[in-house]
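Here the structure is laid out as structure tokens; the discussion comes afterwards.
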Amino acid sequence: MFSLKRLWVFRPDQIRKDALALLDGVVCISRRPGFFGADRLADSFEARLELVMAHAAIVLLRLRRDPGEEALAQAFIDAFFKYLDASLREAGVGDLTVPKRMKKLAGGFYGRLKAYEEGLAAQDNSLEAALVRNATGSTGAHFAPVLAAHMKALQSRLQAADVADLLAAGFWSGA
């Protein structure tokens, strides 16, 4: 019997679905109102972008820990950069400017990834310093220790969980 299912080549694969589920978790946790407001991060496009990048870095570091998760890590990064591209366009950045901004964002993300990885591994305040440099700025420096503690707690939770747990619907609501 002939089946149309065999011909449908645009069926999303499981790795892409899993990457999008992780990205949804990152975006969800990054939008929590407790991060923004008086004595916290400014409620601005830039601050929200920095928080999404910080959380995405922690997830990517977790995925890189498992040798069998390279495909998921790559799919997550692909989805993440598509999300950034769409966010820029939604914020009104012109089509001709988006590629330049994306190139700058990609370089910035990988710089942050390295700084956050080193800061999370160190037993000093280097994570706080990286957050002041990248996310909070000098005006929100007093919030950097709170954000650093959140990132360390999230990293511990991610490290203790299996990848299947990270994909569970309730995982990110409790993070």
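Before moving on, here are some points about what is shown:
- Among 15-25, 47-57, the order from most to least packed when residues are scored by Cβ within 10 Å on average: 47-57, 15-25
- If you wrap the Cα atoms of segment 30-86 in a convex hull and average its projected area over all directions, you get 4.3 nm².
- Taking every full run of DSSP H in the chain, the ones that stretch at least 15 Å from end to end by Cα along their long axis and average 0.5 or higher on the Kyte-Doolittle scale are 14-30, 45-65.
- Ratio Rg/Rh, restricted to segment 70-113 and using Cα atoms, in which Rh is the Kirkwood radius: 1.01
- Taking the average, over residues, of other Cβ atoms within 10 Å as the packing measure, peptides 27-33, 75-81, 96-102 rank 75-81, 27-33, 96-102 from highest down.
- Using the Cβ-Cβ distance between Arg16 and Ala38 with R0 = 35 Å, the FRET efficiency computed as 1/(1 + (r/R0)^6) comes to roughly 0.30.
- If you wrap the Cα atoms of the chain in a convex hull and average its projected area over all directions, you get 12.6 nm².
- Full extension of the chain between Lys100 and Arg31 yields a length gain of 22.3 nm, computed as 0.36 nm times the residue separation minus the alpha carbon distance.
- Lysine-lysine proximity count for the chain, Cα under 18 Å, sequence distance 8 or more or distinct chains: 7
- With a cut-off of 15 Å between beta carbons, the residues surrounding Pro99 carry a summed charge of +4, where Lys and Arg count +1 and Asp and Glu -1.
Where a number appears in this text, it was derived from the coordinates with a stated rule and is not lab data. The structure displayed is predicted, hence computed values, not measured ones. Backbone-built Cβ (ideal geometry, glycine too); neighbour counts: all protein chains shown.
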